[in-house]
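The values are calculated or read from the model by the stated rules, or taken from the named source; none is laboratory data. If you're wondering where the values come from, they're calculated on a predicted model, not measured in any experiment. Here Cβ is always computed from backbone atoms with ideal geometry, including for glycine, and neighbour counts include all displayed protein chains.
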Amino acid sequence: MAPPAGQIRPAKYLASFVLIVVALYALVFLTGNGSAKPKLGIDLQGGTLVTLTARQEDGAQPSEEALNRARDLIEVRVNGLGVSGAEVVRDGNNLVITVPGADSEGAKGLGQTARLAFRKVIGQPVPAGAVPQTQTSTPPSGDASTPPSTPPSESAGSPPPSSGAPQGRPAPNLAAQPSSTPPPSSTAPPSTPSAPANVDPRVAKEIQEAKALRQSTDPQVLQQAALLLDCTKPDPLRGNDDLDKPLVTCDEKGEFKYTLAPVNPPKEDTQTKADDYANYSRLTGEDISNAAANNNPNGTGYVVNLDFKSEGGTKWGAFTAANVQQAVAVVLDGEVMSAPTIQSAISGGSTEISGKFTLKEAQNLANTLKYGALPLSFDASEAQTVSPTLGLQSLKAGLIAGGIGLALVFVYCMFYYRLLGVLTILSLALSAVVIYAVLVLLGRVIGFTLDLAGIAGFIVAIGITADSFIVFFERLKDEVREGRTFRSAVPRAWVRSRRTILSADAVSFIAAAVLYVIAVGQVKGFAFTLGMSTVLDLVVVFLVTHPLVAIASKSKFLTNSSLSGLGGAAREGAAHRATTTGKTAVKEA
């Protein structure tokens, strides 16, 4: 038979709470790496802060849509790196990435636009500090070009043969291609016309001048570009190079300069499609279906293995078959990642990028290629290491202030509620036990990190939890004032206060949920912890506080009016009833 309204079996509720706590801490200690500490945010454990400044090729202001798309893609890349607690927020035209802990180094490469292309190498790469040999034109069609030399330990396809002359193929006849820009003078490229007010003329001029010089279709201009190119300076063509034109660029280490063929043939090219693959790969990052970092099977270090889509595999097979013993440059955002020599035709829709990568570099590159290109180019990342010292000092000050506040609350509860004040303190302690376990598990499952804003949310939630206790206790006092005993007042007070507690917590949770949805940055952490604590408040009130009060009401010792804290309410009720009875007797007399 079910108990009357408000009557419960306290042991059943307390046992349920104990089971929840046991289950949570079993997961804490038996899963993960055994660590029982919550993950901390960048302000508490330090990390890396990266600022990326967006720019467009014409120097115009980036659109809202492009900035939001770039932010979303960078967030996906962060998740792909396995970095927890990272945030990507917009600050005007900047994207600010904060990555806590030891994994923060991976954030420095997150701003790569990831436009991958395969370009045939023209001639021989030269050291970055060297002057290339004089060359007036590229080999005419039908003549064998000199096989290019590549940096050591780079190869593609099968191992190089021990002997035999290489089978050369003609390089693209750049002189025959139409020139979209006139050759620059021997001193400086041409300047660009004045730009509209919403365009950064400096950025637009840098990009256009670099294109005019380093992407000219005139071989002599390309030769001059190789002379003028400084691999130690930031590259304005980073992510802005034209795939339909040649390119003079450096490798990612700044050690070699390369002259590269266009990716795509010109639209007016009358060559057959088969002949096109002798000079143009037609391959970009859009032809890749997957990328993964693996150990280098031919030596030490790591490589990035690429799987092409069906059409991309066909292009790659045709290009490698037409360019045996020629070098192909794997170009990411205008920089040569590697330039292996094709030893044989490669079929099967896959290949690899080698470039003396460390494991972290290979993983970052694979992740960048796998999750797609950004819609914008970004200036070189400005990364700075954030020390946790300031955050820890703020945390220490906050905890001291919170501890003093809690101590005052405890003193007040003990003075005003006595026994019920003890139950308040015990309930808050048990709530803290549950919250700690949940924090540890959320850090493992969803990567939640605790920062100063989150701690502020917990401190605010303590007040909400204490309000729930006060609503219940004050309703209990009202019942005692009406002449009921402690024991009979508990079920009636619970029934009447329960709806108020649920309504108050529902309002707090909705406010926290709305704040979480519309907020950015650390405010989200505040909203999350506030909402989570509000839900756990209900668990503690229903499974701990109410059952403990019910148990106390059945003890003769604990129901003593001077100990329970309800004596004053009982006396007020008795005096009120006596006054009411006296007035009634006078009226009747």
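Yes/no per residue for (1) closer than 26 Å to Val324 by Cα; (2) modelled with pLDDT under 85; (3) out of contact with any helix residue (DSSP H, G or I) (no Cβ under 7 Å at 6 or more places or on another chain):
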site	(1), (2), (3)
Glu209	no, no, yes
Gln220	no, no, yes
Gln223	yes, no, yes
Asp235	no, yes, yes
Arg238	no, yes, yes
Asp242	yes, no, no
Asp251	yes, no, yes
Asn264	yes, no, yes
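Residues checked against (1) crowded, with 17+ Cβ neighbours inside 10 Å; (2) of a type in the set (Val, Ile, Thr); (3) modelled with pLDDT under 80:
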site: Gly457; (1), (2), (3): yes, no, no
site: Glu482; (1), (2), (3): no, no, yes
site: Arg492; (1), (2), (3): yes, no, no
site: Leu502; (1), (2), (3): no, no, no
site: Asp505; (1), (2), (3): yes, no, no
site: Leu515; (1), (2), (3): yes, no, no
site: Val520; (1), (2), (3): no, yes, yes
site: Gly525; (1), (2), (3): yes, no, no
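If you scan region 420-429, which residues turn out to be surrounded by fewer than 19 Cβ atoms within 10 Å (Cβ to Cβ) and touching a helix residue (DSSP H, G or I) at 6+ places or on another chain (Cβ under 6 Å)?
From region 420-429, those surrounded by fewer than 19 Cβ atoms within 10 Å (Cβ to Cβ) are 422, 425-426, 429; that's our starting set.
Ile425, the sole residue that qualifies.
Give the residue, chosen from Ala437, Ala466, that is of a type in the set (Gly, Ala, Ser), in contact (Cβ under 8 Å) with a residue 24 or more places away in the chain, part of a helix (DSSP H, G or I) and under 16 Å from Lys39 (Cα atoms).
Ala437
For region 31-53, how many residues meet the condition of being assigned to a helix (DSSP H, G or I) and at pLDDT 80 or above? Break it down stepwise before answering.
Step one: list which residues in region 31-53 are assigned to a helix (DSSP H, G or I), which gives 42-45.
Of the ones still in play, those that are also at pLDDT 80 or above are none.
Of the residues in that region, 0 qualify.
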Worksheet item: Quick check: anything in region 507-521 in a helix (DSSP H, G or I) and within 17 Å of Phe542 (Cβ to Cβ)?
Response: yes
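Tell me yes or no: at least one residue of region 309-332 is at pLDDT below 85 and crowded, with 16+ Cβ neighbours inside 10 Å. Steps first, answer last, please.
Going residue by residue through region 309-332, those that are at pLDDT below 85 are 332.
Narrowing further to those that are crowded, with 16+ Cβ neighbours inside 10 Å: 332.
For region 309-332, residues at pLDDT below 85 and crowded, with 16+ Cβ neighbours inside 10 Å: present.
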Item to complete: Kindly indicate whether any position in region 280-298 is in contact (Cβ under 8 Å) with a residue 40 or more places away in the chain, part of a loop (DSSP other than H, G, I, E, B), closer than 16 Å to Leu116 by Cβ and of a type in the set (Val, Ile, Thr).
Response: no
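Can you tell me how many residues in region 236-246 are more than 19 Å from Leu369 (Cβ to Cβ) and touching a residue at least 24 places away in the same chain (Cβ under 8 Å)?
Keep residues of region 236-246 that are more than 19 Å from Leu369 (Cβ to Cβ), which gives 236-237, 242, 244-246.
With touching a residue at least 24 places away in the same chain (Cβ under 8 Å) added as a condition, the list becomes 236-237, 242, 245-246.
Number satisfying all stated conditions: 5.
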Worksheet item: So which of Lys583, Lys554, Lys587 ends up being over 18 Å from Val471 (Cα atoms), modelled with pLDDT of 65 or more and of a type in the set (Lys, Arg)?
Response: Lys554
Item to complete: With the checklist (1) buried (at least 18 other Cβ atoms within 10 Å of the Cβ); (2) more than 22 Å from the chain's Cα centre (by Cα); (3) of a type in the set (Ser, Thr, Tyr) in hand, flag the one item Tyr436 doesn't pass.
Response: (1)
Worksheet item: Given (1) crowded, with 20+ Cβ neighbours inside 10 Å; (2) in the same structural domain as Ser289 (by TED's automatic domain parsing); (3) among the hydroxyl-bearing types (Ser, Thr, Tyr); (4) at pLDDT below 80, where does Ser377 come up short, assuming only one miss?
Response: (2)
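Taking the options Arg492, Arg484, name whichever one is on the phi < 0 side of the Ramachandran plot and not in a helix (DSSP H, G or I).
Values: Arg492 fails: not in a helix (DSSP H, G or I).
Going through Arg492, Arg484 in turn, the sole match is Arg484.
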Worksheet item: Just wondering, is there one or more residues in region 20-30 that are more than 26 Å from His546 (Cβ to Cβ), in a loop (DSSP other than H, G, I, E, B), in the same structural domain as Gln522 (by TED's automatic domain parsing) and modelled with pLDDT of 70 or more?
Response: no
